[in-house]
1. Taking every pair of alpha-carbon atoms in the stretch 231-310, what share in percent sits in each 10 Å bin, from 0 to the bin with the longest distance?
2. Could you give the length gained by full extension between Cys183 and Ala107, i.e. 0.36 nm per residue of separation minus their alpha carbon distance, to one decimal place?
3. Roughly what angle does helix 97-115 make with the longest principal axis of the chain, taking Cα atoms, 0 to 90 degrees, to the nearest 10?
4. Is any residue of the stretch 114-153 close enough, with backbone N under 15 Å, to a label point placed 7 angstrom from the Cα of Arg14 along the Cα-Cβ axis, and if so, which?
5. Straight distance only, please: which lysines reach the Cα of Lys171 with their own Cα at less than 26 Å, same-chain residues fewer than 8 apart left out?
6. For the stretch 83-135 and the stretch 276-336, compute the distance between their C-alpha centroids and round to whole Å.
7. Taking amide H positions as placed in the peptide plane 1.01 Å from N, state which residues far from Met85 in sequence (5 or more) or on other chains have amide H under 5 Å from it.
8. Relative to 2.2 N^0.38 Å, what does the C-alpha radius of gyration of the stretch 69-222 come to as a ratio? Two decimals please.
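Rule-based calculations on the coordinates, nothing more; no lab input. None of the values given here were measured: they were computed from a predicted structure. Here the Cβ is made from the backbone with ideal geometry for all residues, glycine too, and neighbour counts use every protein chain on show.
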Amino acid sequence: MTLEQEIKQFAEHRNLEVGITTAEPFLELQQILIENNSELQGFAEQDIAKRIYPCKTMSEAKSIIVLAMGYGVRKKLQQCDTTLMGEFSIAAVATDYHIALKEHFKALEQFLKQKIEGFECQYFVDTGPLVDRAVAVRAGLGWIGKNNCVHTAKFGSLAFFGYMMTNLSLKQNKQIIGDCGSCRSCITFCPTGALSQKQFDMKKCISYLTQTKTVLPADIMKTMFKQLYGCDVCQIICPKNQKALQCFKEKQTIFSLEEILHCSNKAFLQSISKTAAGWRGKKVLQRNAVIALGNSGSIKALPLLEEALKDERELIRHTAIRAIYNLNMSEGFLLLKQAEKVEKSEEIKQQLQMINRYNK
């Protein structure tokens with residue numbers, strides 16, 4: 001049995017998919033990265049050379065081993081009233097994949113060290129300089145579909161990826177040729193039009209919006225519906241993902257907006273911080289909960305939005321103003337008039353004055 005076959009067997013025993021590629025530069029990405037680098041600030045390595053040349057990170061790198069792990073969960077249908085509930089992506093409600101995949105890589109490292117004298121490696125899960133999707137495709141794990149995700153043979157596009165740079169000279173896997181054919185389901189059902197036949201507009205994607213850290217415009221907030229973190233539409237609607245979804249376990253993906261807003265630091269650390277959504281921190285998720293309240297269409301949201309108007313954090317207060325504006329109820333506009341009298345931030349006060357003048 002070759003070393004490549006042993007690595008494949010290692011992955012299969014752990015219900016993972018594996019691909020192998022060389023550590024040659026990803027020169028085909030250079031122009032794309034130059035054009036999009038500023039948009040990726042805060043989400044990806046800003047040194048373009050490191051994103052193209054593996055040797056910039058590990059000078060002795062010769063091969064890259066890529067692991068794919070399935071989401072493992074699917075949305076559980078709810079019977080309760082969801083008016084004041086928000087939704088997490090199915091990718092964010094299981095055990096944090098960053099932790100789980102790193103454990104697999106740690107085991108793979110020990111496995112290879114026992115077999116190869118002088119073995120060296122560096123592995124990354126969502127934190128490495130290389131473009132994960134490009135590495136996965138070149139390693140023969142899958143192909144990129146119209147939903148802008150890598151589709152693997154076993155998990156469809158419902159997979160997390162990580163990679164290990166090594167000093168081993170391994171045989172590269174053949175790339176998989178695949179396409180979506182005439183199917184346009186993900187494009188048709190994308191809530192914001194982020195997907196199109198020609199390109200992916202990251203700034204329109206709900207998943208991207210839920211991870212930003214700034215005050216969002218009121219019209220953009222409306223497009224987020226009641227998503228607290230991530231978005232699953234293009235994944236769940238995809239015909240090629242249905243088989244994988246049926247193999248996953250059902251899990252609750254909706255949570256009380258009130259509980260998110262009132263979540264203490266201790267409660268956050270014990271629950272949400274252990275999921276993939278935890279990396280963005282409590283404040284961003286609470287901002288998203290305020291946005292969801294504004295999109296609920298229910299007067300029941302007003303008491304919670306009134307609390308948010310008094311929050312000590314400007315991001316939450318600023319978002320609450322726009323959420324109340326989006327709720328578009330006379331009772332809400334009365335709250336904004338009261339808030340104008342006590343608001344200390346000049347910037348926020350100016351926004352309140354503008355809204356209140358418009359709604360006289």
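1. 15, 38, 30, 15, 2
2. Between Cys183 and Ala107, full extension yields 23.4 nm more.
3. Approximately 10 degrees, to the nearest ten.
4. Those under the cut-off are 114-115, 121-126.
5. Lys8, Lys50, Lys56, Lys62, Lys102, Lys106, Lys113, Lys115, Lys154
6. Taking the Cα centre of each part, the stretch 83-135 and the stretch 276-336 sit 34 Å apart.
7. Under 5 Å from the amide H of Met85 lie the amide H atoms of Leu257, each far enough along the sequence or on another chain.
8. 1.26
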